[in-house]
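Input: a single structure, listed below in structure tokens.
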Amino acid sequence: MKEAREKIESVKSTEELNEIRVEFLGKKGRVSLLMKKIKEISPEERKEYGKSVNKLKRTIEDLISKKAEELKILEKKKMFERMWVDVTIPGARRKTGHEHPVMRIWREMEDIFVSMGYEVVEGPEIEDTWHNFDALNTPEWHPARDEHDSFYFSDELLLRTHTSPVQIRTMLSRKPPIAIVSPGKVYRRDYDATHLPVFHQLEGLYVDRKVNVGHLKFTLSEFARKMFGEGTEIRLRPSFFPFTEPSFEVDVYLEGYGWLEILGAGMVDPEVFKNVGYDPEEWSGFAFGMGIDRIAMLKYRITDIRELVKNDARFLSSY
Ligand code: PHE
């Protein structure tokens, strides 16, 4: 009895307890053996003997079933401990990206011009030489048509070198007044710290009656103030583009940089109007074009344009 009690008390698992149950209470268990021994007991003592063996059996049964209860609770507790999850531990965070600095400036530029009544128009990146050059009054001999500056597919097809052809396409398909900006990818054979072979431009075109340089300057200084902050000054310097006359380079004054050229602009050349069937006596307009990447570099003070295309997440996430 003492042995049984000790064994039952020291048991650590339900399986062990089952072994002990078999050892004592099984068909060939130790209690059964005691029962069988009853034949060897003298008839007078048999009754007492039987009673005590039965009592022993019940006691062991009780001990075992009590232990079984305890073990059940204990094992459940252990299982819960194993399964416990700390729901307050921060999860494995999935990295999310964000808008590329160039795309952000692209969108900001669109917003600024849309707020001034311009419509955003896009066009094909593969252009023919007529839309990309001829219609824009850019004759064969112009350096922009040089093989070295452009990516040609054939004599007549190339990757557009600016988004000005979108202005031609728009003028051909509509009647004035027109106020559009055309953002998009453009391609030139250039590659260094300030030039990429693929970059982004936003060009604008306004055509109406009696448009003058004052309208152009007002529009661009509005743009500069909205992009670089109130009080930002611009200046126009005379320049040359085949498709505008007069033409200007436009500088913006930026703290820490001084005067910086940010765009080209001018009054639409009468030859361009003739090419799209507009009467230059009736219609006048201005056009301008600038690099979105360049504006992004100035705004975010990025010195090497190649950073914009490396896609180094550490660089990009700082904008
Ligand atoms: N198309 C010119 C360029 O890509 C920019 C420009 C547009 C200049 C409109 C004047 C007027 O360099």
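No value in this document is a laboratory result; all are computed from the given coordinates. As the structure is a prediction and not an experimental result, all values here were calculated from the model. Here the Cβ positions follow ideal geometry from the backbone for every residue, glycine too, while neighbour counts run over all protein chains shown.
Of note:
- Residue match in segment 200-222 (condition: under 34 Å from the mean Cα position of the chain (by Cα), in a helix (DSSP H, G or I) and of a type in the set (Asp, Glu)): yes
- Condition check for ARG225: in a helix (DSSP H, G or I) and either charged (D, E, K, R) or on the phi > 0 side of the Ramachandran plot (or both): yes
- Residues of segment 22-49 satisfying the condition of being within 21 Å of LYS2 (Cβ to Cβ) and either touching a strand residue (DSSP E or B) at 6+ places or on another chain (Cβ under 9 Å) or not hydrophobic (A, V, I, L, M, F, W, C) (or both): GLU23, GLY26, GLY29, ARG30, SER32, LYS37, GLU48, TYR49
- Out of ARG189, ARG169, one residue alone is among the basic types (Lys, Arg), within 16 Å of the ligand (Cβ to nearest atom), more than 25 Å from the chain's Cα centre (by Cα) and part of a helix (DSSP H, G or I). It is ARG169.
- Residue selected from segment 279-291 under the condition within 12 Å of the ligand (Cβ to nearest atom) and not small (Gly, Ala, Ser), by the criterion surrounded by the most Cβ atoms within 10 Å (Cβ to Cβ): PHE286
- Residue in segment 235-256 that is nearest to the chain's Cα centre (by Cα), counting only those that are surrounded by 18 or more Cβ atoms within 10 Å (Cβ to Cβ), more than 10 Å from the ligand (Cβ to nearest atom) and within 24 Å of LEU136 (Cβ to Cβ): ASP251
- Once segment 122-145 is narrowed to residues that are aliphatic (A, V, I, L, M) and surrounded by 18 or more Cβ atoms within 10 Å (Cβ to Cβ), the residue that is nearest to GLY204 (Cα to Cα) is LEU136.
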